[in-house]
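Written out below as structure tokens is the structure these notes cover.
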């Protein structure tokens with residue numbers, strides 16, 4: 001005698017209805033497809049960390065170390081911004097006081113911003 005409350009082995013417990021399959025997102029015109037994320041120009045050019053002279057400092061963002069905390073953007077918005085991958089980059093035509101640039105670097109939780117004296121080559125931050 002079989003128990004009438006049991007489902008046959010071929011039917012899943014519960015509703016017996018198959019789970020719907022996930023469908024890929026519909027592309028939005030003018031935006032990159034989800035499977036092909038936008039690549040910043042810096043990464044497309046080999047992913048090298050660009051050194052930029054700003055006043056008395058040479059400034060570099062080490063992209064692999066940046067976690068996108070954006071402290072640098074908050075402290076020195078004239079120099080730093082986040083790219084499409086939420087990684088800090090140095091703006092074209094960046095300008096700010098040496099004190100703000102140094103404070104932005106010092107505020108980075110991963111020390112991803114390297115500041116050197118442009119005249120002497122001495123690393124100012126991190127020490």
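Bear in mind that the values in this text are calculations on the coordinates, not laboratory data. Keep in mind the model is a prediction, meaning the values are calculated, not measured. All Cβ positions, glycine included, derive from the backbone under ideal geometry; neighbour counts span all protein chains shown.
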Protection proxy ranking, peptides 61-67, 73-79, average beta carbon neighbours within 10 Å, highest first: 73-79, 61-67
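Please compute the contact order of the range 48-125 in relative form: average sequence separation of alpha-carbon pairs under 8 Å and at least six residues apart, divided by the residue count, as a percent.
Relative contact order comes out at 34 percent.
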Residue order, fewest to most beta carbons within 10 Å, for 102, 82: 82, 102
